[in-house]
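Encoded as structure tokens, the structure appears first; notes follow it.
The values are calculated or read from the model by the stated rules, or taken from the named source; none is laboratory data. Given the structure is predicted, the values throughout are model-derived calculations rather than measurements. Methodologically, a virtual Cβ is constructed for each residue, glycine included, from the backbone with ideal geometry; neighbour enumeration extends over all protein chains shown. All accessible areas refer to the heavy atoms of the entire protein, side chains included, with ligands and DNA or RNA removed. Shrake-Rupley method; radii C 1.70, N 1.55, O 1.52, S 1.80 Å.
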Amino acid sequence: QVQLVESGGGLVQVGGSLRLSCAASGRIFRIRDMGWYRQAPGNKRELVTTISSDGSTNYADSVKGRFTITRDNAKNTVYLQMNSLKPEDTAVYYCNADLTYYSGYYRSTGDLWGQGTQVTVSS
């Protein structure tokens, strides 16, 4: 079974920092893009940032200059360093991976989501 497991969420004050981690495990052949999305209560899930397998990154305007995404391909892990946090960053953060994995004797390609981790920024 292939899965993404997130960690690192929590409660932080305005201006503080948090680091999220997301590790992919299972019979993985290859991971292409990995990313972070977030969903605040009453809102749609939105893109925060993505990183390709060669390290190219993309950020939402709202987090540019404050958040940094990195990945460790050897560990199938992606990280999100969040600095200068604001109350509007409060949301459940979801990890996402576009990957190819083994299913029995075959390879399958899919879009995998983590279970989500809560980030709360208090003012």
- Query: Quick one: how many residues across the range 9-38 are closer than 20 Å to S123 by Cα and more than 12 Å from the chain's Cα centre (by Cα)?
  - Reply: 9
- Note on the structure: Scanning the range 17-53 residue by residue, the ones that are exposed (fewer than 14 other Cβ atoms within 10 Å of the Cβ), in a strand (DSSP E or B) and without any contact (Cβ under 8 Å) to a residue 40 or more places away in the chain total 1
- Residues being more than 17 Å from Q13 (Cβ to Cβ) and either crowded, with 18+ Cβ neighbours inside 10 Å or at pLDDT below 95 (or both): count how many of those fall in the range 80-114. 21
- Query: When residues of the range 59-69 are filtered for being open to solvent by less than 60 Å² (accessible area, probe 1.4 Å) and assigned to a strand (DSSP E or B), how many remain?
  - Reply: 3
- Run down S56, S7 and say which single residue is in contact (Cβ under 8 Å) with a residue 40 or more places away in the chain, exposed (fewer than 14 other Cβ atoms within 10 Å of the Cβ) and not aliphatic (A, V, I, L, M). S7
